[in-house]
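Since the structure comes first, as structure tokens, the remarks are kept for the end.
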Amino acid sequence: MQGVLSREIKYVGGVGEARARALEREAGVRTIGDLLMRFPFRYIDRTRQMNIGEVDESMESTYIQLRCRIVGRQIVGDGARQRFVVEAQDATGSVELLWFQGIKWIEKRVEMGREYIVFGRPSFYRGRMSIVHPELETVEQALSRKQESGFQGIYPSTEKLSQAIPIKLMHTIVQNAWQIALTDTSAFADPLPEPLRRRCGLISLREAIYNIHFPQSSELLRQAQYRLKFDELLGVQLTIQARRTQRHTSNNGFLFPRVGDNFNTFFRTKMPFALTGAQQRVIKEIRSDMVSGKQMNRLLQGDVGSGKTMVAFMTMLLAVDNGYQACVMAPTEILARQHYASMSRFAEGLNLKVAILTGSSKTKERRASLEGIASGEIDILVGTHSLIEDSVQFNNLGYVVIDEQHRFGVEQRAKLWTKNLQPPHILVMTATPIPRTLAMTLYGDLEVSVIDELPPGRQPIRTYHYYDSARLKMFGFLRQEIAKGRQVYIVYPLIKESEKMDYKDLEDGYESISRDFPLPQYRIAICHGKMKPEDKDASMAQFKRGEADILIATSVIEVGVDVPNATVMVIESAERFGLSQLHQLRGRVGRGGEQSYCILMSGDKLSKEGRARLEAMCATNDGFKLSELDLKLRGAGDIHGTQQSGEAFELNIANLATDTQIMQLTRDEALAILALDPKLERQENAPLRALRDRHHKRERIDFSDIS
Ligand code: ADP
Ligand code: MG
């Protein structure tokens with residue numbers, strides 16, 4: 001940004017050195033432009049006052065405004081524990097106002113018997129409402145405050161930042177910054193051509209920036225949000241659509257034209273079950289990519305237990321039958337070993353060689369694998385992220401399958417397909433489905449396949465939520481199931497040792513199970529992340545062979561593990577897990593023909609969100625529904641975090657999950673623009689180029705850039 005927008009923030013009235021440092025450290029804001037491009041995430045209507053009696057616990061932590069009279073005030077405690085406690089009331093009730101800091105200053109300003117407008121976030125303790133560090137204004141002040149509209153923006157903040165800059169001061173600072181921006185006519189010059197703006201009914205960028213900070217009416221606020229979202233999503237679409245076109249016009253995909261002996265023999269004589277319709281369809285989709293001459297980049301979404309492994313295996317046979325190597329990369333040792341076991345079994349009697357390579361492969365196993373891969377003697381390699389080490393050199397890698405992709409970092413994935421001069425076909429499999437529009441955006445130009453059908457004969461898992469106080473009932477239920485010869489998982493949240501929270505840690509869990517579960521004859525296996533890989537494997541194998549009734553584990557077993565005789569999944573401290581993780585864990589049961597159960601244990605005190613998650617789990621088994629709900633609960637923010645996304649767009653205001661209509665519109669506009677100027681090279685498109693590049697501030701890698 002040029003001109004006044006690139007001026008340092010510390011010179012803006014109300015900021016200064018210390019606050020500028022806080023802004024930079026806590027919010028990455030260095031310039032006036034940075035500040036003005038940081039939008040409120042919520043607005044409160046300051047013309048609206050509530051009665052104390054109307055405020056209840058559901059409003060905890062949201063901003064409210066009260067009008068009440070001071071009826072008591074005192075300084076309590078001393079030294080560091082000193083606080084200023086004020087009692088205020090209106091006709092409907094009373095509230096406690098608390099200050100721990102700046103006591104001297106505020107104490108002088110609070111007068112007994114006087115009426116104030118109180119603004120802040122309530123909290124409740126034993127039904128009693130209090131507000132810590134509220135803002136106070138006398139009624140006269142509030143009335144004289146010149147305010148065109150009642151809306152006040154709430155900016156994202158951190159504890160440190162809100163200490164350095166309370167909400168009202170932030171508002172003043174933004175106002176001052178805006179005044180400075182106004183002095184430069186080129187600041188926020190509109191990047192969108194007039195005809196496009198008219199066609200799409202957009203207000204100007206300047207108007208939008210002004211109204212996003214200081215909404216003059218609710219209608220203008222809506223239009224401002226719309227305009228700013230439009231800009232962001234247009235930038236995103238200009239990137240994606242350009243890339244898509246480019247990939248579709250280059251012919252660098254391996255060709256696998258033959259359906260050969262291995263595939264046919266397996267399909268006709270070895271397959272342990274008939275494929276579901278969805279599995280067949282997806283195999284066809286993959287096959288048509290493999291004969292298209294284009295390199296495949298496909299995301300396979302299929303709920304837990306939908307049979308993705310078989311799809312992976314059969315499509316790997318296509319690669320092998322055409323003389324290429326294939327590999328499958330799994331996120332954990334356990335899962336890699338399991339894939340290796342099942343793929344070796346599938347491959348019996350076929351003319352191909354399967355090998356494994358993981359971090360814990362012994363020197364001998366390792367050397368044999370490495371040699372076989374380099375010579376081409378090994379056709380299918382199964383492994384963990386060890387596959388991406390430099391020592392692993394394929395002879396002719398044609399196809400890469402990545403299982404449970406959300407566990408891999410973007411960079412790790414990228415490394416795997418730079419192993420060839422010509423990029424291999426790529427299938428990314430996930431059991432954490434995301435809505436299609438979101439997938440398209442997050443994963444750039446990935447094609448998406450969906451397995452939307454479970455193998456026949458599965459009974460829906462029944463899910464129940466118990467509070468810790470009903471623990472004995474849960475044990476009773478486990479006893480019944482084990483008596484029927486079934487097996488049980490008990491999963492604890494994985495904790496970092498440093499976190500001193502009341503998570504139930506596995507060791508405690510183990511102790512309490514052995515203590516409370518009054519039947520010591522049960523055979524218990526344990527599996528957690530800190531164990532040596534051999535020990536983990538040994539425990540898992542023991543459980544898999546039916547030699548343990550109960551497997552106590554941390555979430556290391558979250559993905560992929562397949563033990564059909566296990567019918568109960570108990571998740572301890574379930575409120576600590578995210579929805580998709582809960583769903584993954586639940587997917588460990590219900591894999592055989594027996595009725596299976598998932599029991600969610602939680603503490604008595606649940607947050608609103610925690611409760612919503614547990615209720616959703618009890619209400620549905622549908623992974624798609626859950627992931628949509630998850631998006632709503634968490635916002636797309638988390639989902640396009642580094643960890644999970646293939647593509648990293650930094651969005652400020654648009655929401656990939658919910659702004660689908662604008663996404664569609666910007667997609668069409670982007671295509672129209674690119675049709676005339678594919679690389680945005682024309683002079684008049686320079687502002688659009690800037691718009692496109694703005695969301696790639698941080699250097700990140702994504703699939704389609706690599707391949
Ligand atoms: P996921 O999609 O979660 O990776 P898996 O591939 O592990 O699921 O398959 C889950 C279970 O379903 C496995 O035991 C597998 O053998 C079985 N399975 C897969 N496809 C079918 C099918 N078409 N008919 C019957 N069972 C199947
Ligand atoms: Mg799987």
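The values are calculated or read from the model by the stated rules, or taken from the named source; none is laboratory data. In this text, all values refer to a predicted model and were calculated from it rather than measured experimentally. Cβ placement follows ideal geometry from the backbone for every residue including glycine, while neighbour counts extend to all protein chains displayed. Each accessible area value is taken on the protein alone, full model and side chains, heavy atoms only, with ligands, DNA and RNA left out. Shrake-Rupley method; radii C 1.70, N 1.55, O 1.52, S 1.80 Å.
Summary of computed values
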quantity: Subset of segment 561-578 (residues that are part of a loop (DSSP other than H, G, I, E, B) and more than 16 Å from ligand 2 (Cβ to nearest atom)); calculated: N565, E572, S573, F577, G578
quantity: Subset of segment 60-97 (residues that are in contact with a Gly (Cβ under 7 Å, 6 or more places away or on another chain) and polar (S, T, N, Q)); calculated: T92
quantity: Close pairs (6 angstrom Cβ cut-off, 6 or more residues apart or separate chains): assigned by TED's automatic domain parsing to the domain that holds R287 and aromatic (F, W, Y) in segment 309-333, open to solvent by less than 10 Å² (accessible area, probe 1.4 Å) and within 16 Å of ligand 2 (Cβ to nearest atom) anywhere; calculated: F313/M343
quantity: Output for segment 62-84, where each listed residue is within 26 Å of I44 (Cα to Cα) and in contact with a strand residue (DSSP E or B) (Cβ under 7 Å, 6 or more places away or on another chain); calculated: Y63, I64, Q65, L66, R67, C68, R69, I70
quantity: Conditions (1) in contact (Cβ under 8 Å) with a residue 24 or more places away in the chain; (2) buried (at least 19 other Cβ atoms within 10 Å of the Cβ): number failed by L220; calculated: (1)
quantity: Count of segment 177-197 residues which are surrounded by 15 or more Cβ atoms within 10 Å (Cβ to Cβ) and not aromatic (F, W, Y); calculated: 10
quantity: Test: L551 is away from ligand 1 (no atom under 16 Å from the Cβ), in the same structural domain as R471 (by TED's automatic domain parsing), modelled with pLDDT of 85 or more and within 20 Å of G305 (Cα to Cα); calculated: yes
quantity: Those residues of segment 473-512 which are at pLDDT below 85 and among the aliphatic types (A, V, I, L, M), in sequence order; calculated: L494, I495, M501, L506
quantity: Search result, residues across segment 538-555 that are more than 14 Å from R588 (Cβ to Cβ) and open to solvent by 40 Å² or more (accessible area, probe 1.4 Å); calculated: A538, Q542, R545, E547
quantity: Test: residue in segment 341-360 that is within 16 Å of ligand 1 (Cβ to nearest atom), without any contact (Cβ under 8 Å) to a residue 40 or more places away in the chain and of a type in the set (K, R); calculated: yes
quantity: Qualifying position, being of a type in the set (V, I, T) and either in a loop (DSSP other than H, G, I, E, B) or within 16 Å of ligand 1 (Cβ to nearest atom) (or both), among V400, V382; calculated: V382
quantity: Some residue of segment 347-361 being within 23 Å of Q393 (Cβ to Cβ), modelled with pLDDT of 95 or more, surrounded by fewer than 21 Cβ atoms within 10 Å (Cβ to Cβ) and not aromatic (F, W, Y); calculated: yes
quantity: Of all residues making up segment 99-121, the number that are open to solvent by 40 Å² or more (accessible area, probe 1.4 Å), under 14 Å from P134 (Cα atoms) and out of contact with any Lys or Arg (no Cβ under 6 Å at 6 or more places or on another chain); calculated: 6
quantity: Failed criterion for S375 (all others in (1) open to solvent by less than 70 Å² (accessible area, probe 1.4 Å); (2) without any contact (Cβ under 8 Å) to a residue 60 or more places away in the chain; (3) over 17 Å from K270 (Cα atoms) hold); calculated: (1)
quantity: Selection within segment 578-637 - acidic (D, E) and either touching a Gly at 6+ places or on another chain (Cβ under 9 Å) or crowded, with 23+ Cβ neighbours inside 10 Å (or both); calculated: D630
quantity: Qualifying residues in segment 278-310 (those that are more than 6 Å from ligand 1 (Cβ to nearest atom) and in a strand (DSSP E or B)) - the one farthest from T430 (Cα to Cα); calculated: N297
quantity: Selection count where residues are in contact with a helix residue (DSSP H, G or I) (Cβ under 7 Å, 6 or more places away or on another chain) and either part of a helix (DSSP H, G or I) or on the phi > 0 side of the Ramachandran plot (or both), scope segment 164-181; calculated: 6
quantity: Set T276, T245: member being surrounded by 14 or more Cβ atoms within 10 Å (Cβ to Cβ), within 31 Å of the chain's Cα centre (by Cα) and within 16 Å of ligand 2 (Cβ to nearest atom); calculated: T276
quantity: V589 vs. criteria β-branched (V, I, T) and within 12 Å of ligand 1 (Cβ to nearest atom); calculated: yes
quantity: Residue identified as free of Cβ contacts under 8 Å to residues at least 40 places away in the same chain and farther than 30 Å from L691 by Cα among V132, V118; calculated: V132
quantity: Residue within segment 184-198 that is under 30 Å from Q49 (Cα atoms) and part of a loop (DSSP other than H, G, I, E, B) present; calculated: no
quantity: Any pair with Cβ under 8 angstrom, 6 or more apart, that starts in segment 520-534 at a residue that is in the same structural domain as A483 (by TED's automatic domain parsing) and ends at one that is among the aromatic types (F, W, Y); calculated: I524/Y510; A525/F543; I526/Y510; C527/F543
quantity: One residue from L161, L143 being open to solvent by less than 50 Å² (accessible area, probe 1.4 Å), of a type outside the set (S, T, Y) and not in a strand (DSSP E or B); calculated: L161
